[in-house]
Every structure is written in structure tokens, then in C-alpha cells.
Amino acid sequence: MDLEKNIQPLLSTKQIEEKIKQMGEALTQAYQGKELVCVCILKGSIVFFSDLIRSIDLPLTIDFLRVSSYGHATVSSGEVRLVQDLSQSIEGKHVLIVEDIVDTGHTISFLQSYLKAKHPKSLALASLLFKPSRTECEVHIDHLGFTIDNHFVVGYGLDAAEKYRNLPYVGILQTNEESS
């Protein structure tokens, strides 16, 4: 497929499916008997979010937040803007933030502060990917899929200038310098 010519596979569809199943089982146990709201961080998390919530065997509600820190760049600007807010109150509820990747930590740090001010009963974070070498803000990830090296990754919801989100796996985007 022409879409994939500059992509080096990193995590296969099967690896991701297996990890999400494990995460879903752990989340089912952790939130048994609790009122859970899963918050998808748009746009990148939508694929992971959809698969993750289907693997949680509990009644739950969902909501969406959209923030921007990249724009069309491949490096975070460090400035996080709220683009779309929640549509329901999370006060007194157990909230699980579902994020595609924790990179610098700025976005998650912003979101955790923002959501804590809305007085949830608890606030936890599930992330598919974590890049510890890029972290600038200390962030605690309660439920983590994979730790990866410092590569610009795409696929499975992750993008480069809004492209590649539809790949069924996570791959490393090869820049011209890397592919020569």
C-alpha cells in the first residue's frame, strides 16, 4: 500500500489487541462496582479508546475532550489548548483518561489539572504508548500499553499532519534523513 511506504512497523495489530485485552481485564477488576466515565482524548486516541472500552466488562459512560499541542508539526509546542470540553459532569465519578501517547507530558499534566478541578471521585490515566526519553513533566500512568523509544510514530489513531490514523498497527514514520 502506498500509504505505508515510509512506515517501519513497530507494534503489530496482534500485539496491540493482546495488550488491550490485558488492560481491559485489569480495568474491569479495578472499577468493579464503581461509576466509571472513560474520557477519550481526541483525535489520536479514538481507535485505542474504542477497542479499550469494548474490552472493559462493566457498565460505563463515555465522553470526549479535544486538546491541541502539535497542530500540524511533528514536535509538541508545549502549549496545550482545550478545543472541545466534556459534555457531562464528572463530579463524584471515577474518571479514566484514555490517551494514545504520553510524550513530553505537557498534555496529560494539563488535562489532569483541568479534570481534577471538576471534582471527580478518582482520576486515572490509561495510555497506549509512553516515550520516557521525551518526558518534561512528571506523569503517572496507571494503565500502560507499551513503552517505546523516541520515534515519531503513526497508525492506530496516531497521525502525522492528520494522515496515517487508519493504519491497523503502530509504525515509525521514516523521514527523508532516516530513509536515506
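The values are calculated or read from the model by the stated rules, or taken from the named source; none is laboratory data. Because the structure is predicted, anything quoted here is derived from the model rather than measured. Reconstructed Cβ throughout: ideal geometry from the backbone, glycine too, with neighbour counts over all protein chains shown. What goes into the accessible areas is simple: the full protein's heavy atoms, side chains included, and nothing from ligands, DNA or RNA. Shrake-Rupley method; radii C 1.70, N 1.55, O 1.52, S 1.80 Å.
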Within the stretch 138-155, does at least one residue satisfy the condition of being touching an Asp or Glu at 6+ places or on another chain (Cβ under 8 Å) and either free of Cβ contacts under 8 Å to residues at least 40 places away in the same chain or surrounded by fewer than 19 Cβ atoms within 10 Å (Cβ to Cβ) (or both)? no
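With the structure loaded, tell me whether Leu96 is open to solvent by less than 10 Å² (accessible area, probe 1.4 Å) and over 23 Å from Tyr169 (Cα atoms) or whether it fails that test.
So Leu96 fits the description; yes.
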Residues of the stretch 42-84 classified as assigned to a loop (DSSP other than H, G, I, E, B), polar (S, T, N, Q) and at pLDDT below 95, total: 4
Just the residues that are in a helix (DSSP H, G or I), of a type in the set (A, V, I, L, M, F, W, C), within 16 Å of Gly157 (Cβ to Cβ) and at pLDDT 95 or above, please, taken from the stretch 1-41. Ile16, Ile20, Met23
Out of contact with any helix residue (DSSP H, G or I) (no Cβ under 8 Å at 6 or more places or on another chain) and crowded, with 17+ Cβ neighbours inside 10 Å - does that describe any residue in the stretch 161-171? no
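Quick one: in the stretch 123-161, of everything that is closer than 30 Å to Lys34 by Cα and small (Gly, Ala, Ser), which residue is farthest from the chain's Cα centre (by Cα)?
So the first thing to find is which residues in the stretch 123-161 are closer than 30 Å to Lys34 by Cα, and the list is 123-130, 137-147, 156-157.
Still in the running and small (Gly, Ala, Ser): 124, 126-127, 145, 157.
Working: Ala124: 12, Ala126: 7, Ser127: 5, Gly145: 10, Gly157: 9 Å.
Ranking the candidates gives Ala124 first.
Among the residues of the stretch 77-93 satisfying the criterion of being farther than 18 Å from Leu60 by Cα and among the hydrophobic types (A, V, I, L, M, F, W, C), which is least open to solvent (accessible area, probe 1.4 Å)? I'd like the intermediate steps shown before the answer.
The first filter runs over the stretch 77-93 and keeps only residues farther than 18 Å from Leu60 by Cα, leaving 77-85.
Retained after the next criterion (residues that are among the hydrophobic types (A, V, I, L, M, F, W, C)): 80, 82-83.
On the way: Val80: 27, Leu82: 64, Val83: 71 Å².
For the stretch 77-93, the residue satisfying everything is Val80.
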Please find, within the stretch 1-36, the residue that is most open to solvent (accessible area, probe 1.4 Å) out of those that are in contact (Cβ under 8 Å) with a residue 60 or more places away in the chain and β-branched (Val, Ile, Thr). Thr13
